[in-house]
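The values are calculated or read from the model by the stated rules, or taken from the named source; none is laboratory data. None of the values given here were measured: they were computed from a predicted structure. FYI the Cβ positions are ideal-geometry reconstructions off the backbone, even for glycines, and counts take in every protein chain you see. Note: areas computed on protein heavy atoms with side chains; ligands, DNA, RNA excluded. Shrake-Rupley method; radii C 1.70, N 1.55, O 1.52, S 1.80 Å.
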Amino acid sequence: MKPPAGGRVRAVILLSGGLDSTLAARMMADQGIDLFALHFTSPFCTCRRPGEGASGKAPGPGCHSQAQIVSGRMGIPIRTVSKGKEYLGLVRSPRHGRGSAMNPCIDCRIFTLRKAKEYMEEIGAKFLVTGEVVGQRPMSQRVDALRVIEKHSGCAGLVLRPLSARHLEPTIPEREGWVDREKLLDIVGRSRKEQIRLAEDWSIGDYPCPAGGCLLTDKTFSVKVRDLLDHCPSPDMADLHLLKVGRHFRMPDGRKVIVGRDEAENRKLEALGRGKLRVYIAEGFSGPSIGVNGTGGETPADLLSRFFTRYSKPGTQPPFRVREVDGATERELFLPADPDFSEVERALLR
């Protein structure tokens, strides 16, 4: 059926702030759809937040900031949803399996569509819109995977993918005439040449990256995720953010050790570890900040000596003057050199 006289059909768009979802939003706005954006944040997103640029480079805009920019420019109301403990549960035990690393892509997409459908029903919207492209992601954007995701999220027929719509069966909004199928596209595959061309034609610039990314697809990072889930029954958001800071070690006695790699990581480790880790900070010499947790009690001085010997600036003369911060308690330590790195090297996660 056609939209009611004097009214416009509402739809919820899953807006990442990347190129594909921005183009999908523009296409729907051009067809007169009244859009409401839903943006998901994740501790595993690869897009940098403000102030988190790589060393020597300007800070990245970050997915959240870019989604806010896109919604503001297009006049689209936006709601942000954080993937928290509920999401972490599916990372731990995904019903539909994982990709080549710790990525539960199908379960993740089911999770986001369920949340989007709840929002759709809350505001009286008629359907959902995404920037997905058939074949772009090997696990979750195959045609068969899209159908599984729609079925288990309760969204069968409700998800319009404007960039690939003409490669798929017509959805409810197309069949009902709310959207003109002839104005939709049939993009397929991983190349983004067509999306980039459209962005140029429509004067859409400064998107953060053609496609977002997830650290759970990274095999190296996934080692740290699996280790955390194996040793911590109820990790919180600080635990997840700590995974992105420093070198990680799991010692034979079960202790977790995190070693900052530069000044910025030292400061992040100190901030995120406050009240969670016992943090050791180099005083008066160029060395790392080191966070330790695990079995409780005193951290052996010889263990700390090995880490400070291994990761301090070459030529640093011992003893190492170190400040220990344990919650609200601080004390000063002087550690000797210890060149036996074998235990350290065997315990390295990544």
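Only lysine pairs 8 or more places apart or on separate chains count here, and in the range 132-270 those with Cα atoms under 18 Å apart total 7.
Seen against the Cα atoms of the chain and their longest principal axis, helix 263-273 is set at about 80 degrees.
Protein heavy-atom accessible surface, 1.4 Å probe, per residue over the chain: 47 Å².
The alpha-carbon atoms of the range 203-271 define a convex hull whose volume equals 134 cubic angstrom per residue. In a simple Cβ point-charge model (Lys, Arg +1; Asp, Glu -1; nothing else charged), the chain has a dipole of about 540 debye relative to its Cα centre. Translational diffusion of the range 303-350, estimated by Stokes-Einstein from the Kirkwood radius over alpha carbon pairs at 10 °C in a medium of 1.306 mPa s, is 134 µm² per second. Figure note: 167, 241 ranked by solvent-accessible area, largest first, 1.4 Å probe, ligands and nucleic acids not counted: 167, 241. With the Cα gyration tensor of the range 147-265 giving a ≥ b ≥ c as the square roots of its eigenvalues, does the rule (a/c under 1.5 for rounded; else a/b larger than b/c for prolate; else oblate) give rounded, prolate or oblate? It is prolate, given that a/c is not under 1.5 and a/b is the larger ratio.
Once C-alpha pairs closer than 8 Å and six or more residues apart are averaged by separation and normalised to the residue number of the range 144-293, the relative contact order reads 12 percent.
Three principal axis extents describe the C-alpha atoms of the range 53-186; from largest down they are 50, 38, 30 Å.
Taking all protein chains as shown and a probe of 1.4 angstrom, residue 85 keeps an accessible surface of around 150 Å².
Identify which of the listed values of Rg and Dmax of the Cα atoms in Å was calculated from the structure shown: (1) 21.0, 67; (2) 24.2, 81; (3) 19.8, 61. Working out Rg and Dmax of the Cα atoms in Å from the coordinates points to (2). Computed from the alpha carbon atoms alone, the convex hull of the range 177-232 holds 184 Å³ per residue.
Shown for the range 77-150: the carbon plus sulfur share of the solvent-accessible area, taken with all protein chains present and a 1.4 angstrom probe, equals 49%. Taking the C-alpha atoms only, the angle from helix 219-231 to the longest principal axis of the chain is near 70 degrees. On a 0 to 90° scale, report how tilted helix 143-153 is relative to the longest principal axis of the chain, with both axes built from alpha carbons and the result rounded to the nearest 10. The angle comes out near 80 degrees.
For the chain, the mean residue ellipticity at 222 nm estimated from helices alone is -10500 deg cm²/dmol, where every DSSP H run of n ≥ 4 contributes -39500 (n - 2.57) and the total is divided by all residues, rounded to the nearest 500.
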